[in-house]
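The structure appears right after this line, and notes come after that.
What follows draws every value from the coordinates through simple rules; no lab data is involved. Only a predicted model underlies this, so the values are computations on that prediction, with no experimental measurement involved. Heads up, the Cβs are rebuilt from the backbone with ideal geometry, glycines too, and the neighbour counts pull from every protein chain shown.
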Amino acid sequence: MSLSVLPSDRRYRAVVLSTAGALVLAVLVALAVLLPGKDTSPTAAAGAPSPSATDSASASPSAPPPATATPSPTAPTTPEPAATPTDGTGTGSTGADDGTDEGSDDGTGWTGSTGSSGSAGGRSGGNSAVQIGNPGNSGNAGNPGNSGSTPTPTPGPTPTPTPTPTPGPTPTPTPSPSASGACPAALAPHTVVSCRIAPNTDTSFTLRLPKADDLVIVQLVTPLYGTPPRLYAPDGTQMPCDVSPSTYGFGGPARCTSGPAGDYTLRINSHSADPVEVSLSYLAVLSGDDCVTVTAADRTLGAPTVYSGAVPAGLAGNCYAADFAPGERVRLLRPDNGHYVDATLFDGTGKAVCRTDGNAYLDCALTGTGPYRAVVQRGEGVEGTYQLALSRFSQPQGCPVVQPQAYGEDVALADTARCRILRVPADGHYSYRGLYPDGVASGHVYAADGTEVCKTGDCDLTAGDYTYTVRPDIPRRANGVVLRSATETRGCTPVRDDQLTSGSAVDSFGAIGQDRCLTLPTAAGEAVYLMNRTPEDGTSVAPAVLDATGAVTCAAGYADQLCRLSGTGPFRVVMVSNRVADFRLVVQRLGDTSTCAPWAASAYGNGKSQAGTVSAVGRMACLTVPADHPARELVGYRLGSTSLVDSSLRLVDATGRETCRILSGAAGVCTTPVGAYTAVLFSDQDFSDFTVARRDATASAVCDLAEPSGQVGGRATEVGFESSTDAHCVPFTSAAGDLFQVEARHAIGGQATMVNVVDAAGGLLCHGWGPDCRVAGAGRHLVVLTPYSQVSAMPRPTVDIWKLATAAGWAPECAAHPVSVDAFPQRTGTLTDTDTVYCAVLDMKAGQDLKIDLHADTGNPDDQLMLGMAGRENWSDRTNPYKCVSSGVESYTCAYSGAGTGHAVLLFGPGTARTPLAYTIGGTRAGTGIERSGVPRTLTPNSALQDTQAEVTIQGTGLSMSSRFHFLMPSERVTPLRITPLSASPDGTSLKVRIDSEGVFPGVYDLLVDGVTGYEYGVPSPGYIPKAFTVLEPAAVK
């Protein structure tokens, strides 16, 4: 029996392995024989195959040559580093993508993956061989065929590095021919043999190790699980082999240590009743002559030789030797090409120093002793191709030197070296960035010891040389680096700071990386506006302002910004660009108000705003305000026909300190600067005219609307707006102990009214779209209402200001409706323009819930009713312990989470619904089933057309607006036939409901009270009426 497992289908392989009960026994047998010891069999001692294996081990004279793989060098396509070098323990360090956009891929490079630390293979130490391969990954051995093969040595790769090599093709390995006969008696190093082993027996192979204490890697590919290879010394001693879980499967390698030089025996045990096809080979890592020599020219960091090769099924690996010294850092590149080939670096004792472990590259600190050798392997029983490069990261070679550059200087972008030596002449703050001829190249900077520094692109550096490398997993191409000191002044040009009047010329980035610098005449303590005025087909810039020490004063991105100059002058405006393009930056000193218009205060009401224009179409306007302004002002603006998106109005004092910012035209209450101030209007789009308004928002402001009576439920104050900069003000006066609630309403579902409530001390109590604002404290208060729209016709909202309590107690309109937290009878009424709220009082203890049934037919499903509670002891506390939430259709639960007993009011209002509004409200009965809903007996009428709404009267006992029913289909499934209570008789014998049959199938339906159980289908019982209602097809009505 043979098992065929797809290498990529590990879940399927796991299922096969877990179900192969017979194979488990074989695994136990294999484990037993793996224990090192003395082999006493004569054949083992002699290094020859055992008798049982001899019959099957004679070579076929007609066997074709075996598979070979000849790695060859290709162009140095060294990926860039984004890695922190390893600590020498084999934990590979790879870098994650830093998110910067790369230039265009030339199609010749590798697709890299961000990596993690090396696996156990890179961390193992001591005298035993280390684990290799990816644990748990096994491969399909395939079918080697029916003919035997005569092993032929695989020639090693012979790279010919050149200073500028050109990419070469990755050789396609010659497939191993099939074998029909027995396996050979001996194996040649680095040579794949494909043959057939006999059933239920050991098969032995002789292999010669010319030197003692070697590391032998054995690769065995077989479809039979539980057949790890065993290696015996010339004296019959079993050698220790480190095997991974995949070694027991279908292609994982084994690493064995050897003793003295001589002929060794490799033994494979078959527990199968059928012949088994295998492919195998071995590699003597330390003593063999099969390693490619990586010369000094091959391992330069700037342009390493890239070796292309293949690992056929059964090949133990391809070996590369380099004379690295202990303590050096090495960059090992194994770009991921989808074949999951890994590379491991071994020291002179055979200990694994580090391993790529699936990563595209690895920076490795060399531990142990030399010489060092890298082995490329594919351990899943299938062929894999690869590219490999080894570079000396310590004392890097082939890296051009880069000195700090002046502004405006062209960046050298022709060299394809993948590294640069950054020569820092003096201690200080520096910035760097990598560039391709068509964009940004991400890269990293390393100190002489290989540790990464300056990860953010700018940092403090001491004098000396640093190594910059582009990311290793990016194709090799022409690139360059910008290196600049934060105190650099070379190339800076002087600029005026009155350019709103003097004008600003179009400037240009003439080449990639040709950054620009402008020296400001503005003194420290002053402020400047920096504004993009991008020319057609040009680019916007993100200016940063630096002082003389290199400290960043401000950097706000591409948006227009107001910058206060703090630090030591002179100040410089620095702009960088990674493209060739024109730009224009306008610089305007804040202290120069010659171009600013005076801004007078506006009164409350409609049509009181101030219109203005700009001298030339642009994206900024400024206004000046004299020192006699109020401490708080309501500020708003609009921009002609220009969108308010990405616009702002900012209030700043004479030093440039910003005290308030209004965004996108939404009016707000601002704390104004002390003394005269400037308001600056910015937009990301050009505008030619604007409208602004500033109004007194202190308690002494003159309002345009009269003070209401404060009566609970009294007529609301109606307001109207003609433009988005209009505003209205309603005052109200509160005595000590008074409790007020402010409620803004509008007759549409949208948010059209912004409410600001200012207390007697000038503080902003509430701000939002029609909030429920509770006010306590003596003094004069203001309710300021503004719209938020550019349209000329605005909805007419209303504002309610209710005095719900005085020091003597609750308002009489509320005290007249005491309710119990347990339940209270239904009450019906109608909300009108003169009776706008239902108010009740109740006491609640901590943890109690009040169940409320509320019905109000607004006629608009988008309307939102107002239902809430507030306690006297927590009136103006924003963490209100009273919460009312919907708990079902027309059902609400109000809870109290405070301490002790709460004394509260329950408020119900129309919210966004229109008045008059009829309603029914009541405390829900406790319990379920007929205890809560009563007992229905008949329905009149008892039928309705499909897709209609019918008003039906239910007769019975104990009926109320709290009653809840549902209809059942003959299958006893709940249907979408909906019931909405409309009104109930005081004696509970009649309940009028609306039944909605939209989307319901025609037929006869049963009525069941919610919560009733134990009824018998088709048999009337309390709470259950069979065949209670019929839905008729329209065609059935005569």
message = Beyond a 28 Å Cα-Cα separation, which of these cross-linked pairs lie in this structure: 992/1027; 803/845; 803/992; 851/1027; 803/883; 845/992?
response = 803/992; 851/1027; 845/992
Ranked list, fewest to most other Cβ atoms within 10 Å of each Cβ, for 802, 599 = 599, 802
key: Packing rank of 711-721, 227-237, where each peptide gets the mean count of other beta carbons within 10 Å, highest leading   = 227-237, 711-721
ask   = With contacts defined as alpha carbon pairs under 8 Å and 6 or more residues apart, what's the relative contact order of segment 808-923 in percent?
value = 42 percent
query = Between residue 501 and residue 1019, what length comes free when the chain is fully extended (0.36 nm per residue of separation minus the Cα-Cα distance, one decimal in nm)?
reply = 177.2 nm
remark   = Projected onto their principal axes, the Cα atoms of segment 597-805 stretch, largest extent first, over whole-Å spans of 56, 37, 23
query = Using the C-alpha atoms of segment 401-485, what convex hull volume per residue, in cubic angstrom, is computed?
reply = 89 Å³
remark   = In nanometres, the difference between 0.36 nm per residue of separation and the alpha-carbon distance of residue 490 and residue 601 is 35.1 nm
note = If 516, 827 are placed from fewest to most neighbouring beta carbons inside 10 Å, the sequence is 827, 516
message = So the label point goes 7 Å from the Cα of residue 966 along Cα→C-beta, right? Which residues of segment 1020-1036 then have their backbone N under 18 Å from it?
response = 1023-1029
inquiry  = Can you give me the orientation-averaged projected area of the convex hull built on the Cα atoms of segment 930-1036, in nm²?
reply    = 6.0 nm²
note = Nearest-0.05 FRET efficiency for residue 778 and residue 328 at R0 = 60 Å, using Cβ-Cβ distance, is 0.15
message = Can you sort 504, 641, 442, 664 from fewest to most other Cβ atoms within 10 Å of each residue's own Cβ?
response = 641, 664, 504, 442
message = Quick check on segment 360-453: what does the Kirkwood estimate of hydrodynamic radius come out to from the alpha carbon pairs, in Å?
response = 17.0 Å
message = Just to verify a number: FRET efficiency for residue 542 and residue 832, C-beta to C-beta distance, R0 = 51 Å, to 0.05?
response = 0.30
request  = Determine, at each q value in 0.12, 0.13, 0.22 (inverse angstroms), the log₁₀ of I(q)/I(0) that the Debye formula gives when each Cα of segment 493-589 is one equal point scatterer.
outcome  = -0.34, -0.39, -1.14
message = Between residue 891 and residue 549, what is the label-point separation in nm under the 7 Å Cα-to-beta-carbon projection?
response = 6.8 nm
query = Between residue 845 and residue 666, what length in nm is gained on full extension when 0.36 nm per residue of separation is reduced by their alpha carbon distance?
reply = 60.3 nm
request  = Describe numerically, in nm with one decimal, the distance between label points set 7 Å from Cα along Cα→Cβ at residue 879 and at residue 453.
outcome  = 5.0 nm
